[in-house]
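Asker: One structure is given below, represented as structure tokens, and several questions about it will come after.
The values are calculated or read from the model by the stated rules, or taken from the named source; none is laboratory data. Predicted, not measured: the structure shown is a model, and the values here were computed from it. Positions of Cβ are generated from backbone atoms using ideal geometry, with glycine treated the same way; all protein chains shown enter the neighbour counts. SASA here: full protein model, heavy atoms, side chains in, ligands and nucleic acids out. Shrake-Rupley method; radii C 1.70, N 1.55, O 1.52, S 1.80 Å.
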Amino acid sequence: MEWTTACPDWESRLVEGRSIIPPPIFADQAAQALAIFKELRVVDLPGKPTFGECGDQFVFDFVSAIFGAYDAETGKQLIREFFLLISKKNTKSTIAAGIMLTAVILCWREEEEHLILAPTKEVADNSFKPAAAMVRADDELTALFQIQDHLRTITHRVTRASLKVVAADTDTVSGKKSGKVLVDEHWLFGKRANAESMFMEALGGQVSREEGWVIYLTTQSDEPPAGVFKDKLGYFRDVRDGKIVDSKSLPVLYEFPEAMIKSKAYLDPANFYISNPNIGKSVSAEWLTDNLKKNQSKTDGTYQQFLAKHLNVEIGLNLRSDRWGGADFWEAQARKCMSLDEILDRSEVAVFGIDGGGLDDLLGLTMIGRERETRMWLHWSHAWAHRIVLDRRKDIAPALLDFEKDGDLTMVERPGDDIEEVANIICRVRDLGLLPDKLAIGVDAAGIGDMIDELTCQERGITEEQIIAISQGWKLNGAIKTTERKIAGGEMEHSGSRLMNWVVGNAKVVQVGNAISITKQAMSTFDAVSLMSLNPAGIGKSFWETA
């Protein structure tokens, strides 16, 4: 049997209001489950209607696709992973409760545990309470199930199959043997450094359960996607687009087509339906319009978060009111996949900036090359971190691991390995004849002694005249303004790395008298800009290299 979960025409389907969910593989299985699902009551709506009375077609299609992928003859679930990306208030948690309760009713395996894994206790309650309410609203289900509120567990009195809701921040998932798992608010797991190992524990029971599946339900992240959420989102987008062939994974992503993102067509209330399939029911178009207007003038990041949560517009740079002025133009100057080698081939001279390097900090290296003929500034950065930073800075650990996967950050086990690698890069540029013989490497004088010792050792041969301590804080005001002008004026290009997007997005402006200062993240770039602004010249290649 062959089927596909790709939907390459998803853009036109969403715009035209057509379904992006494929029909069920087994119509009989889908019909049986859908009949049960439609009888469940949604108690927080007036009159306590059933799903059949108040549900939208996209909900029924999604339920049919899940349960209709089960082959009753072989006992195998043919589609094992589902990913639903949908805007806030489209009854996501209520749908989760109904799907999992339906699964428990249909379960043939005795004492089987069905699991809803939530990132926090609050999210767990949002999933458990609707499920418990569905049972209490129906006399037949009340007789069939036992509800244990304090354990967030609902148990079938005959088969002893159960539905348990687990909060990742308070409960343990170790040793779980759940065949069917639903992960709610997956974007929040992207902020947890241990999320990947947690999922391995939670999904381990599916190894011996061929009828098992996992459903990821989520809205967009309120920050640039990171960690497991970023990985899953990218994977399911590729499956949807047909770039990856995986018929066992079904993506259902309600997001705006790229052309509508570029043209900002998502701001037109007439287009809100694209990421809000339940608009007019659980989602008020009037409320969205009013709150869009209220948030448009805000500059503290609230506007971007509103777009992410209610319209599924992915956040790129976090554009806050205290952002660095160049952040507004940064992404436009990205030239994807512009490597260090390419910059070196195009450049007539190159200078470096170095900053950081503590055990709970990143060591940042920025190189700016000046292109021959055009004199365009070409920006490249790399970072190093000691692995201990993943424990000391758990809040940014998922992002750091992403940068490591991208190849823009290197994790080192031993202090000194990072300094050696930085020196290797600088000496390579020196050997190409691109490094000036004076004022070539800008460093923060504080805490950078080991780096200077390495560069000026006999084996390296970098001279003291090539290294200069760059005054930090407000004294970098000139370099900051120069960088802003170069970026805004299209005179500086960069590789578009997520590392630098993160750095730029987190760079905060601090007013110091009549000048400004930038928080530490972007310092290596401004150190390099300070030197390139001096209009340096490279030493040139040696006689042996040019002969």
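Asker: How many residues does region 105-127 contain that are within 21 Å of GLU201 (Cα to Cα) and in contact with a helix residue (DSSP H, G or I) (Cβ under 9 Å, 6 or more places away or on another chain)?
Answerer: So the answer is 11.
Asker: Could you count how many residues in region 494-503 are over 19 Å from LYS230 (Cα atoms) and either surrounded by 24 or more Cβ atoms within 10 Å (Cβ to Cβ) or touching a His at 6+ places or on another chain (Cβ under 7 Å) (or both)?
Answerer: The initial filter retains those residues of region 494-503 that are over 19 Å from LYS230 (Cα atoms), namely 494-495.
If we keep only those that are either surrounded by 24 or more Cβ atoms within 10 Å (Cβ to Cβ) or touching a His at 6+ places or on another chain (Cβ under 7 Å) (or both) as well, we get 494.
Qualifying residue count, region 494-503: 1.
Asker: Which residues, counting only those in region 333-360, are charged (D, E, K, R), under 25 Å from VAL412 (Cα atoms) and in a strand (DSSP E or B)? Let's see the steps before the verdict.
Answerer: Looking only at region 333-360, we keep the residues that are charged (D, E, K, R), and these are 335-336, 341-342, 345-346, 348, 355, 360.
Checking the rest, the ones that are also under 25 Å from VAL412 (Cα atoms) come to 341, 355, 360.
Result: ASP355, single match.
Asker: How many residues does region 76-119 hold that are β-branched (Val, Ile, Thr), within 22 Å of the chain's Cα centre (by Cα) and not in a loop (DSSP other than H, G, I, E, B)? Walk me through how you get there before you give the answer.
Answerer: Within region 76-119, the first condition is being β-branched (Val, Ile, Thr), and the residues that meet it are 79, 86, 91, 94-95, 99, 102, 104-105, 116.
The next check asks that each one be within 22 Å of the chain's Cα centre (by Cα); those that pass are 86, 116.
From what is left, the residues that are not in a loop (DSSP other than H, G, I, E, B) are 116.
Looking only at that region, the number is 1.
Asker: Turning to a different aspect of this structure: Which condition number in (1) modelled with pLDDT under 95; (2) within 25 Å of ARG209 (Cα to Cα); (3) surrounded by fewer than 19 Cβ atoms within 10 Å (Cβ to Cβ) is the one that THR120 fails?
Answerer: Condition (2) is where THR120 drops out.
Asker: Which one of these is buried (at least 16 other Cβ atoms within 10 Å of the Cβ), touching a residue at least 60 places away in the same chain (Cβ under 8 Å) and within 19 Å of ALA226 (Cβ to Cβ): ALA350, ALA383, ALA440? Walk me through how you get there before you give the answer.
Answerer: Working: ALA350 fails: within 19 Å of ALA226 (Cβ to Cβ); ALA440 fails: within 19 Å of ALA226 (Cβ to Cβ).
Step by step, each of ALA350, ALA383, ALA440 is checked, and only ALA383 is buried (at least 16 other Cβ atoms within 10 Å of the Cβ), touching a residue at least 60 places away in the same chain (Cβ under 8 Å) and within 19 Å of ALA226 (Cβ to Cβ).
Asker: Shifting gears a bit: Across region 40-61, what is the total count of residues that are outside any loop (DSSP other than H, G, I, E, B) and either touching a Lys or Arg at 6+ places or on another chain (Cβ under 9 Å) or buried (at least 23 other Cβ atoms within 10 Å of the Cβ) (or both)? Explain how you work it out, then say what you get.
Answerer: Here is the first cut: in region 40-61, the ones outside any loop (DSSP other than H, G, I, E, B) are 41, 50-54, 57-61.
When the remaining residues are screened for being either touching a Lys or Arg at 6+ places or on another chain (Cβ under 9 Å) or buried (at least 23 other Cβ atoms within 10 Å of the Cβ) (or both), the result is 41, 50-54, 59-60.
Looking only at that region, the number is 8.
Asker: Collect the residues in region 257-278 that are part of a loop (DSSP other than H, G, I, E, B) and surrounded by fewer than 20 Cβ atoms within 10 Å (Cβ to Cβ), keeping them in residue-number order.
Answerer: Just the residues of region 257-278 that are part of a loop (DSSP other than H, G, I, E, B), to begin with: 257, 263-264, 268, 275-278.
Matches in region 257-278: PRO257, SER263, LYS264, ASP268.
Asker: So for region 230-246 (the condition being surrounded by 20 or more Cβ atoms within 10 Å (Cβ to Cβ), among the β-branched types (Val, Ile, Thr) and not in a loop (DSSP other than H, G, I, E, B)), does at least one residue qualify?
Answerer: yes
Asker: Considering each residue of region 128-147, count those that are touching a Ser or Thr at 6+ places or on another chain (Cβ under 7 Å) and open to solvent by less than 70 Å² (accessible area, probe 1.4 Å), and give that number. Spell out the reasoning first.
Answerer: Initially, region 128-147 is screened for residues touching a Ser or Thr at 6+ places or on another chain (Cβ under 7 Å), giving 130, 135-136, 145-146.
Those left that are additionally open to solvent by less than 70 Å² (accessible area, probe 1.4 Å): 130, 135, 145-146.
Residues in region 128-147 being touching a Ser or Thr at 6+ places or on another chain (Cβ under 7 Å) and open to solvent by less than 70 Å² (accessible area, probe 1.4 Å): 4 in total.
Asker: Oh, and also: What about ASP391, is it touching a residue at least 40 places away in the same chain (Cβ under 8 Å) and either touching a helix residue (DSSP H, G or I) at 6+ places or on another chain (Cβ under 9 Å) or in a strand (DSSP E or B) (or both)? Break it down into steps so the answer makes sense when it comes.
Answerer: Values: touching a residue at least 40 places away in the same chain (Cβ under 8 Å): no; either touching a helix residue (DSSP H, G or I) at 6+ places or on another chain (Cβ under 9 Å) or in a strand (DSSP E or B) (or both): yes.
No, not satisfied.
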